[in-house]
1. Please enumerate the residues belonging to the range 179-222 that are in a loop (DSSP other than H, G, I, E, B) and either out of contact with any Pro (no Cβ under 7 Å at 6 or more places or on another chain) or on the phi > 0 side of the Ramachandran plot (or both).
2. Please state which of the following conditions Tyr224 fails to meet, knowing it meets all the rest: (1) buried (at least 17 other Cβ atoms within 10 Å of the Cβ); (2) under 30 Å from the mean Cα position of the chain (by Cα); (3) not small (Gly, Ala, Ser).
3. Report whether or not Gly102 is surrounded by fewer than 23 Cβ atoms within 10 Å (Cβ to Cβ), of a type outside the set (A, V, I, L, M, F, W, C) and farther than 23 Å from Lys72 by Cα.
4. Working only within the range 91-110, note down all residues that are within 21 Å of the chain's Cα centre (by Cα) and closer than 12 Å to Cys134 by Cα.
5. Taking the criterion of being over 30 Å from Lys133 (Cβ atoms) and of a type in the set (Phe, Trp, Tyr), would at least one residue in the range 215-222 satisfy it?
6. Tell me the residue from Val204, Val230 that is farther than 30 Å from Gly154 by Cβ and modelled with pLDDT of 95 or more, please.
7. Is it the case that the range 164-172 has a residue that's hydroxyl-bearing (Ser, Thr, Tyr), in a helix (DSSP H, G or I) and under 24 Å from Cys249 (Cβ atoms)?
8. Have a look at Asp177, Asp167 and point out the one that is more than 25 Å from Arg239 (Cα to Cα) and surrounded by fewer than 17 Cβ atoms within 10 Å (Cβ to Cβ).
Amino acid sequence: MNLNIFSRENKMLDKIKKNAEEAKQTFRYKLNNGLLTLRGLNMSFSIFSRENKMLDKIKKSAEEAKQTVGYKLNNGLLTLADEEEACTRAKWAYWFAHNVKGANIEKCQEAACKEPKWAYLFARNVKGANIEKCQEAACKNPGWAYKFALNVKGANIAKCQEAAYKDPYWAYRFARDIKGANIEKCQEAACKDPEWAYYFAKNVKGANIEKCQEAACKEPIWAYWFARAVKGANIEKCRQACEGTEYACNFAM
């Protein structure tokens, strides 16, 4: 045992000596002990020079960033002089018109309307917005068409609804939430997906339960939920739709 301990201590001592020798070759050790050579000095100046160049580059990038519209927007520094650049992106154009007094509303609106989301927000939040033009842009997306009809005063409900029809989910939401929605047309669109046919029957006043059930029963899971949660459901038809699936046993309970 004593020999083993002695061997381990020797190995540890050798490792310490090796680390000490390696440390003596470092720039910091030589600098602290007056052992630097001309080659070492040249190397240190080279490293210092590279670090300085990198620091200068970082500082330059930071200064350039401060001149961008994005930086000014996030820090409340936009002025009328930034309008041209702001109008190169829909998001910036919206925020410019929203935040900067004296902004050219028509010009900013034209830029904002390149994307449905910002067209919707422009109409909702910017005084002097052309509702009709913003709506035309917002209605290129069913979701923003729905939100436009829900939140923008003066929205053309029929046109927004026409856009919402393109997606069963938004057709369902439109019928559920928008006053003046055409329930029959929304139902027709919602029933292209069994899930939203079920929710339509469950949550929309005036829904045609029979038609919604026909669509919901194309998938057993929604046939089961239809029978369970929709008042007026034809239980037998729902049961038949679930035959041979894991949901069939629920009808026997």
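The values are calculated or read from the model by the stated rules, or taken from the named source; none is laboratory data. Given the structure is predicted, the values throughout are model-derived calculations rather than measurements. Reconstructed Cβ throughout: ideal geometry from the backbone, glycine too, with neighbour counts over all protein chains shown.
1. Lys179, Gly180, Ala181, Asn182, Cys191, Val204, Lys205, Gly206, Ala207, Asn208, Cys217 - these are the residues of the range 179-222 that are in a loop (DSSP other than H, G, I, E, B) and either out of contact with any Pro (no Cβ under 7 Å at 6 or more places or on another chain) or on the phi > 0 side of the Ramachandran plot (or both).
2. Only one criterion in (1) buried (at least 17 other Cβ atoms within 10 Å of the Cβ); (2) under 30 Å from the mean Cα position of the chain (by Cα); (3) not small (Gly, Ala, Ser) is unmet by Tyr224, namely (2).
3. No: the conditions fail for Gly102.
4. The one that is within 21 Å of the chain's Cα centre (by Cα) and closer than 12 Å to Cys134 by Cα: Tyr94.
5. yes
6. Unique residue meeting the criteria: Val230.
7. No, because not a single residue in the range 164-172 is hydroxyl-bearing (Ser, Thr, Tyr), in a helix (DSSP H, G or I) and under 24 Å from Cys249 (Cβ atoms).
8. The conditions single out Asp177.
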